1. What number of residues within the stretch 80-91 satisfy the criterion of being crowded, with 16+ Cβ neighbours inside 10 Å, not in a loop (DSSP other than H, G, I, E, B) and not small (G, A, S)?
2. Identify the single condition in (1) in contact with a strand residue (DSSP E or B) (Cβ under 9 Å, 6 or more places away or on another chain); (2) closer than 30 Å to L19 by Cα that W226 does not satisfy, given that it satisfies every other one.
3. Looking at E98, E153, which is the one that is closer than 25 Å to G211 by Cα, at pLDDT below 95 and touching a His at 6+ places or on another chain (Cβ under 9 Å)?
4. For the stretch 28-64, give me each residue that is among the charged types (D, E, K, R) and surrounded by 14 or more Cβ atoms within 10 Å (Cβ to Cβ).
5. List every residue pair whose Cβ atoms sit under 6 Å apart, with the two residues 6 or more apart in sequence or on different chains, where the first one lies in the stretch 128-141 and is farther than 10 Å from V88 by Cα and the second, anywhere, is assigned to a loop (DSSP other than H, G, I, E, B).
6. Here is a check on your reading of the model: is D134 exposed (fewer than 12 other Cβ atoms within 10 Å of the Cβ) and of a type in the set (D, E)?
7. Go through the stretch 47-76 and report how many residues are in a strand (DSSP E or B) and of a type in the set (D, E).
Amino acid sequence: MYRFLLSRQWVTITLVALLLIPTMIWLGFWQMERHDQRSARNRLVAEALDAEPVPVQRLASPGHAVTREERYRTVTATGRFDTDAEVVVRRRTNSDDEVGYHVLTPLVLRDGRILLVNRGWIPSDGPSQTVFPDVPPPPSGEVTITGRLMPDETTEASGIKNLQGLPDRQIMLINSELEARRLGAEVLGGHVVQTAPEPRDGSPQLLGGPGEENAALNYAYALQWWLFAAAVPVGWVVLVRRETRERAARSAAGPAGAPESEPASV
């Protein structure tokens, strides 16, 4: 009855089913790993944002790489902005996906070291981005700012490779090592995204906080893959039973096109 399972078509169907089951199970576990990673990241971000603000010198120093635990920590810094050394970061978008710049202004701390401060977003002046834009100035004199500590941006993480040949006072990545070379000064590792004080009219738009990654979606995807894996053998059995019924029906109907028997003579 089941000799048809040895045909080339059914052997192929069975092999595909046997390959799909472990593949879908693996994909479910992979989604669960993504769920755990995103949940862990969300916890780290929440803990960092809830922590009490600390002076930036307590976490950052020249050459220091900001850790995952330090990322998004709220820090304070006191110094004066050096607008002569100010640069803009190209191809950055705001919350409305408008392309413009981030304004990166060195803050000279009381001890003479420099903290890179991302003061926020400004729009492009026009289609040409070869001229340094009109940047609203920061407060003059000594100021105290609050912001989120962020790690250096790198070519590996961003995928941006071309850092040469840019217009004057424009950069692609915020990197303390590169800025230390440009400025010829001691620069604290990482940078700070300013959150306070509130900007004045015409000042750069402060950047929004980090978004929470949707870990629950990965959990749902994992369940979905496992349900698919369970459905494969069920579907295989359904196909086999349907094929068996069709073959039995054809067998009961007799050979196709067989002549009808003649009636008996009187």
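The values are calculated or read from the model by the stated rules, or taken from the named source; none is laboratory data. From a predicted model like this one, the values you see are computed outputs, not experimental measurements. A quick note on method: Cβ atoms are made from the backbone with ideal geometry, for glycine too, and the neighbour counts reach across all protein chains shown. Just so you know, the surface numbers come from the protein's heavy atoms only, side chains and all, with ligands and any DNA or RNA stripped out. Shrake-Rupley method; radii C 1.70, N 1.55, O 1.52, S 1.80 Å.
1. 6
2. Condition not satisfied by W226: (1).
3. On the way: E98 fails: touching a His at 6+ places or on another chain (Cβ under 9 Å).
None of the others qualify; the one that does is E153.
4. R34, R38, R41 - these are the residues of the stretch 28-64 that are among the charged types (D, E, K, R) and surrounded by 14 or more Cβ atoms within 10 Å (Cβ to Cβ).
5. What qualifies is T130/P167; P136/G202; P136/S203.
6. On the way: exposed (fewer than 12 other Cβ atoms within 10 Å of the Cβ): yes; of a type in the set (D, E): yes.
Judged against the criteria, D134 is a match.
7. Residues in the stretch 47-76 being in a strand (DSSP E or B) and of a type in the set (D, E): 0 in total.
Here's the yes/no breakdown for (1) assigned to a loop (DSSP other than H, G, I, E, B); (2) among the hydroxyl-bearing types (S, T, Y); (3) open to solvent by less than 60 Å² (accessible area, probe 1.4 Å); (4) farther than 26 Å from G112 by Cα:
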position: L178; (1), (2), (3), (4): no, no, no, no
position: R182; (1), (2), (3), (4): no, no, no, no
position: V192; (1), (2), (3), (4): no, no, yes, no
position: T195; (1), (2), (3), (4): no, yes, yes, no
position: D201; (1), (2), (3), (4): yes, no, no, yes
position: L207; (1), (2), (3), (4): yes, no, yes, yes
position: P210; (1), (2), (3), (4): yes, no, yes, yes
position: Y219; (1), (2), (3), (4): no, yes, no, yes
